[in-house]
Amino acid sequence: MAKRVGVDKWLFGATLVLVVIGLLMVFSASAVMAKERFGSPYAFVIRQSLWAVFGLTAMTILMQVDYRRFNKPNIVFPAVAVTILLLPALVLFLAWFLQNRMHSIEDFRGTILPAALPSLIFIVLILKEPDLGTALVCAGVTALMLYLAGMNMRYLGLAALAAAPVLYFMLFRVKWRRDRILAFLDPESDPLGKGFHIIQSLIAVGTGGVHGLGYMDGRQKLFYLPEPHTDYIFANVAEELGLIGAIAVVGLFVLLGYRGMRAAILSKDPFARLLAFGITATLLIQAFFNISVVLALVPTKGITLPFISYGGTSLFIMLASIGVLLNITREVD
């Protein structure tokens, strides 16, 4: 297949728009808080803007670098060692490891166990932080990439059964997590305590209506909604930009996901296919969990919204990953 001259413009454009929306919403959600804490309403957005510049620079460079350069042990293992708690390193390892083992994907000792072991180590380390939400994302991405590589569903079923007791303990035997679940099931039982986050988030979403209160005019961010510039920034989006703005943001993630999955499906190179799928799945799973938490569809997870939430390292890594994905799109029609 002939190599394309340019990258996927839809994927590139959706990413840029999400970054711009993120900067605007970080400023809106954090201005009052930043003024009180640091004496300047621009404190958070300036930091986020600098990371956005670094991230966009990395994305621009990486989308010019042939993705095959990453398909080497001397790249994969240092990346895993240096960035051991970052999901892109796990995706890179799985893509490299599984590309030539699809014919032996049913070999438990030779393929499945060596592929899953680094993920298990990652999950244990992440749980010790403790960060169950990111650990679940890690597990989900690993399971999806193994399934894409051809692993039989029975192994996923057995893995789920083995993980069930651990998950039960983490959810129901750890007090603060149990309290989160109880608050999720009945937030009105403790509206000023355990249910406060959920109630304020739903108030913000409901207040926005169809058209929103207007940019910068949201009220829940004024020390009512906890973490309005990080975990709950989508609530601020819904309050200020309304249903139309919220659907637009979701639509951009759907577009990004579609173009990313399209690149994975059309890629002839197994490494490119797995890498594109892993990067896209990571973004979509994180976005899904974050938005679901804001809408009270799942208990609080502490997962940020890619490109939108405040957080420099996350933004940089996401943009760098998109750079790799954009380079892969050069290989597909």
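Test residue 225 against the criterion of being farther than 23 Å from residue 305 by Cα and of a type in the set (A, V, I, L, M), and give yes or no. It is false that residue 225 is farther than 23 Å from residue 305 by Cα and of a type in the set (A, V, I, L, M).
Return the residues of region 231-248 that are surrounded by 24 or more Cβ atoms within 10 Å (Cβ to Cβ) and in contact with a Phe, Trp or Tyr (Cβ under 9 Å, 6 or more places away or on another chain); say none if nothing qualifies.
Here is the first cut: in region 231-248, the residues surrounded by 24 or more Cβ atoms within 10 Å (Cβ to Cβ) are 231-241.
233, 240, 241, listed by residue number.
Restricting attention to region 197-213, the residues that are closer than 19 Å to residue 31 by Cα, open to solvent by 20 Å² or more (accessible area, probe 1.4 Å) and of a type in the set (Gly, Ala, Ser) total 1.
Here are some residues: 194, 221. Which one is closer than 20 Å to residue 31 by Cα, modelled with pLDDT under 85 and crowded, with 17+ Cβ neighbours inside 10 Å? Even if it seems obvious, please write down each step before you answer.
Numbers: 194 fails: closer than 20 Å to residue 31 by Cα.
Only one candidate qualifies: 221.
Taken together, the residues in region 270-294 that are touching a Lys or Arg at 6+ places or on another chain (Cβ under 8 Å) and open to solvent by 10 Å² or more (accessible area, probe 1.4 Å) amount to 2. Scanning region 24-59 for residues that are free of Cβ contacts under 8 Å to residues at least 24 places away in the same chain, surrounded by fewer than 18 Cβ atoms within 10 Å (Cβ to Cβ) and not aliphatic (A, V, I, L, M) yields 35, 36, 37, 38, 39, 40, 41, 42, 57.
Restricting attention to region 172-191, the residues being in contact with a helix residue (DSSP H, G or I) (Cβ under 7 Å, 6 or more places away or on another chain) and either without any contact (Cβ under 8 Å) to a residue 12 or more places away in the chain or open to solvent by less than 40 Å² (accessible area, probe 1.4 Å) (or both) number 8.
Looking at residue 258, is it open to solvent by 10 Å² or more (accessible area, probe 1.4 Å) and modelled with pLDDT of 90 or more? Yes. Take residue 89 and tell me if it is modelled with pLDDT under 85, closer than 30 Å to residue 9 by Cα and either aliphatic (A, V, I, L, M) or not in a helix (DSSP H, G or I) (or both). Judged against the criteria, residue 89 is a match.
Is it the case that residue 129 is open to solvent by 40 Å² or more (accessible area, probe 1.4 Å), closer than 30 Å to residue 174 by Cα, not in a helix (DSSP H, G or I) and not hydrophobic (A, V, I, L, M, F, W, C)? Before you say what the answer is, go through the steps one by one.
Working: open to solvent by 40 Å² or more (accessible area, probe 1.4 Å): yes; closer than 30 Å to residue 174 by Cα: yes; not in a helix (DSSP H, G or I): yes; not hydrophobic (A, V, I, L, M, F, W, C): yes.
In short, yes.
Only residues that are open to solvent by less than 50 Å² (accessible area, probe 1.4 Å) and either part of a helix (DSSP H, G or I) or at pLDDT below 85 (or both): list them for region 60-86, please. Give the derivation first.
First, the residues of region 60-86 that are open to solvent by less than 50 Å² (accessible area, probe 1.4 Å): 62-63, 65-67, 70-71, 76, 79-80, 83.
If the condition is that a residue be open to solvent by less than 50 Å² (accessible area, probe 1.4 Å) and either part of a helix (DSSP H, G or I) or at pLDDT below 85 (or both), then 62, 67, 70, 71, 76, 79, 80, 83 are the ones that fit.
State the number of residues belonging to region 246-264 that are in contact with a helix residue (DSSP H, G or I) (Cβ under 8 Å, 6 or more places away or on another chain) and more than 19 Å from residue 297 (Cβ to Cβ). Please lay out each step first, then the result.
As a first pass, look at region 246-264 and keep what is in contact with a helix residue (DSSP H, G or I) (Cβ under 8 Å, 6 or more places away or on another chain): 246, 248-250, 252-253, 255-257, 259-261, 263-264.
Restricting the remaining residues to those that are more than 19 Å from residue 297 (Cβ to Cβ) gives 248, 252, 255-256, 259-261, 263-264.
So the answer is 9.
The values are calculated or read from the model by the stated rules, or taken from the named source; none is laboratory data. Being a predicted model, the structure only gives us computed values, none of them experimental. Note: ideal-geometry Cβ built from the backbone for every residue, glycine included; neighbour counts use all protein chains shown. Side chains included, ligands, DNA and RNA excluded: accessible areas come from the protein's heavy atoms. Shrake-Rupley method; radii C 1.70, N 1.55, O 1.52, S 1.80 Å.
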